[in-house]
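**Q** So that we are looking at the same thing, I have put the structure below in structure tokens.
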Amino acid sequence: MKFLAVTACPSGVAHTYMAAEAIENAAKARGIEIKVETQGSIGIENEITMNDVKDADAVILTKDIGIKGKERFKGKLIVNVGISDVVKNSDKLIDKIVAHLESKQK
């Protein structure tokens, strides 16, 4: 499985990067390939390309502020979640997405 994520928070500082780290660690612990783009106070880092998008099984977007470039993910499974939920509950979030994807394969 391959996931993509974009994290951003209203202040563009701490939570943006805390969420990126949390979601990345949770995915990697489960053997899931993941790329996380941050849209913080210093701009977009680790930008997701269309090549990344074509192979993605799911896209996780934080919903606390508008995400730039959401149109890139049209046609993909998109999970919108609050930034604090990503920071606090990344393990549960990844497990739910995996369960959803696995149930669709049956």
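The values are calculated or read from the model by the stated rules, or taken from the named source; none is laboratory data. This structure is a prediction, so every number in the text was calculated from the model and none was measured. Here Cβ is always computed from backbone atoms with ideal geometry, including for glycine, and neighbour counts include all displayed protein chains.
**Q** Identify the single condition in (1) surrounded by fewer than 14 Cβ atoms within 10 Å (Cβ to Cβ); (2) assigned to a loop (DSSP other than H, G, I, E, B); (3) at pLDDT 95 or above that ASN80 does not satisfy, given that it satisfies every other one.
**A** With (1) surrounded by fewer than 14 Cβ atoms within 10 Å (Cβ to Cβ); (2) assigned to a loop (DSSP other than H, G, I, E, B); (3) at pLDDT 95 or above applied to ASN80, the lone miss is (2).
**Q** When LYS104 is evaluated against the numbered criteria (1) over 12 Å from the mean Cα position of the chain (by Cα); (2) assigned to a loop (DSSP other than H, G, I, E, B), which criterion, by number, is the only one it fails?
**A** The number of the failed condition is (2).
**Q** Given (1) touching a residue at least 12 places away in the same chain (Cβ under 8 Å); (2) within 11 Å of the chain's Cα centre (by Cα), identify the lone condition not met by GLU21.
**A** Only one criterion is unmet by GLU21, namely (1).
**Q** Within the range 20-65, how many residues turn out to be touching a Gly at 6+ places or on another chain (Cβ under 9 Å) and among the acidic types (Asp, Glu)?
**A** Counting residues in the range 20-65 that are touching a Gly at 6+ places or on another chain (Cβ under 9 Å) and among the acidic types (Asp, Glu) gives 3.
**Q** Quick one: how many residues across the range 1-23 are assigned to a helix (DSSP H, G or I) and closer than 19 Å to PHE73 by Cα?
**A** Start the filter on the range 1-23 by keeping residues that are assigned to a helix (DSSP H, G or I), which leaves 14-23.
With the extra rule that they be closer than 19 Å to PHE73 by Cα, the set shrinks to 20, 23.
Residues flagged as assigned to a helix (DSSP H, G or I) and closer than 19 Å to PHE73 by Cα within the range 1-23 amount to 2.
**Q** Which is farther than 24 Å from LYS104 by Cβ and surrounded by 12 or more Cβ atoms within 10 Å (Cβ to Cβ), of ILE65, ILE32?
**A** After applying the criteria, what remains is ILE65.
**Q** Still on this structure: Within the range 25-80, how many residues are without any contact (Cβ under 8 Å) to a residue 60 or more places away in the chain, among the polar types (S, T, N, Q) and out of contact with any Asp or Glu (no Cβ under 7 Å at 6 or more places or on another chain)?
**A** The total comes to 6.
**Q** Assess whether VAL87 counts as being among the β-branched types (Val, Ile, Thr), crowded, with 18+ Cβ neighbours inside 10 Å and touching a His at 6+ places or on another chain (Cβ under 9 Å).
**A** Here the answer is yes, as VAL87 does meet what is asked.
**Q** Could you tell me which numbered condition ALA99 fails, if it satisfies all but one of (1) assigned to a loop (DSSP other than H, G, I, E, B); (2) hydrophobic (A, V, I, L, M, F, W, C); (3) over 14 Å from ALA8 (Cβ atoms)?
**A** Exception for ALA99: condition (1).
**Q** Of everything in the range 35-55 that's exposed (fewer than 14 other Cβ atoms within 10 Å of the Cβ) and outside any loop (DSSP other than H, G, I, E, B), which residue is nearest to the chain's Cα centre (by Cα)?
**A** Among those residues, the one meeting the criterion is GLU45.
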